[in-house]
Amino acid sequence: MADLILKTETQRELGTRPSRRLRRTGHVPGVVYGLGGDTVAVAVDARDLRSALNTDAGLNALLTLEVDGDRQLSLVKDLQHHPVRNEVIHVDFIRVDADVAVEVEVRVVLEGEATNVTNEDGVVDQLAFTVAVLAKPESIPNELTVDINEMVMGDAVRAGDLELPAGVELAGDPEELVASTSIRVIEIEEPEVDEEAEVELDEDGQPIVAEDADEEADQADDAASEDPAE
C-alpha cells in the first residue's frame, strides 16, 4: 500500500454554496470513483492534500484514501484550481488496483548541456513536457530524463527514444516530438524613426540635405533680387 494516507470526510452537501462553505473551513471537495465502485463525494483537508502532492511524484503520488473506514489505493485524476488564487478548489481521485497497469502522464526533464548545439548558435527546444505511459501504480516513475549532452544541430528526440524503466510502457505516439534543435533567433532593434518629421524632396524626388536646402534658399534669394516684383 501507499505510504501517503489521506483521511476523507463523506456525506458532504453537494452544490456550489455548500462547497464554498467547505473551502472556507480549509477543506477541498472532491469525488472518488473507479474499479466499478460507486462514486463517492468526499472532502479532504487542503493542507494534507497539498502535502501529499508536494513530493517528487507530484500528481502521480500513490495515495491511500480512508473512506468510511475503508482504505482505497488511489491516484489523483484531476485537479481544479481557482483562476486567481491558484488554490485547489476540487479534486478527483480514481481507485487503482496494485496489480493492474494504469495510464498516466509523466513529466519529461532535459538534462545536460548541448554544447555542440550552442557552439553553432543553436538551442534545444523542449516540445513535450509530459508523455503518457502505462505502468502498475507502484512502478510509475516520478519523471523521465533526456540526456542532451551529445545532441548536435538537426537532432530530434521522440517519445519512442525515451529510456523507460522496467515495467513501464509508452502509451502515446512514439513519433511525438519531445525535443529538437533550432537556430537561435536574435532580435535586432531597429532605430526609431520620427514619423512626424517631414522630408523635403528636390525636383528629382531626392531628399534635400541641409546644405542643399541652404543653397536652394540662396538661389531663391538671388532670383528674387535679380527679378524684383514690379
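The values are calculated or read from the model by the stated rules, or taken from the named source; none is laboratory data. Everything numeric in this text was worked out from a predicted model, so none of it was measured. All Cβ positions, even for glycine, are placed from backbone atoms using ideal geometry, and neighbour counts span all protein chains on display.
When Leu63, Leu127, Leu162 are checked against the criterion of being touching a residue at least 24 places away in the same chain (Cβ under 8 Å), under 30 Å from Thr39 (Cα atoms) and not hydroxyl-bearing (Ser, Thr, Tyr), Leu63 stands alone in meeting it. Mind listing just one residue for me: the one in the range 29-60 that is touching a Gly at 6+ places or on another chain (Cβ under 8 Å) and either free of Cβ contacts under 8 Å to residues at least 40 places away in the same chain or in a helix (DSSP H, G or I) (or both) and, of those, nearest to Glu103 (Cα to Cα)? Looking at the filtered set, the residue picked out is Ala41. The residues in the range 11-36 that are at pLDDT below 90 and within 16 Å of Ser74 (Cα to Cα) can be counted, and the count is 1. Among all positions in the range 106-113, there is no residue which is farther than 30 Å from Asn149 by Cα and touching a Leu at 6+ places or on another chain (Cβ under 7 Å).
Results for (1) outside the structural domain of Glu9 (by TED's automatic domain parsing); (2) surrounded by 12 or more Cβ atoms within 10 Å (Cβ to Cβ); (3) β-branched (Val, Ile, Thr), shown as yes or no for each residue.
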site: Leu73; (1), (2), (3): no, yes, no
site: Leu79; (1), (2), (3): no, yes, no
site: Val91; (1), (2), (3): no, yes, yes
site: Lys136; (1), (2), (3): yes, yes, no
site: Ser139; (1), (2), (3): yes, yes, no
site: Glu150; (1), (2), (3): yes, no, no
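Entry remark, the range 110-154: residues being in a loop (DSSP other than H, G, I, E, B) and acidic (Asp, Glu) number 4 in total.
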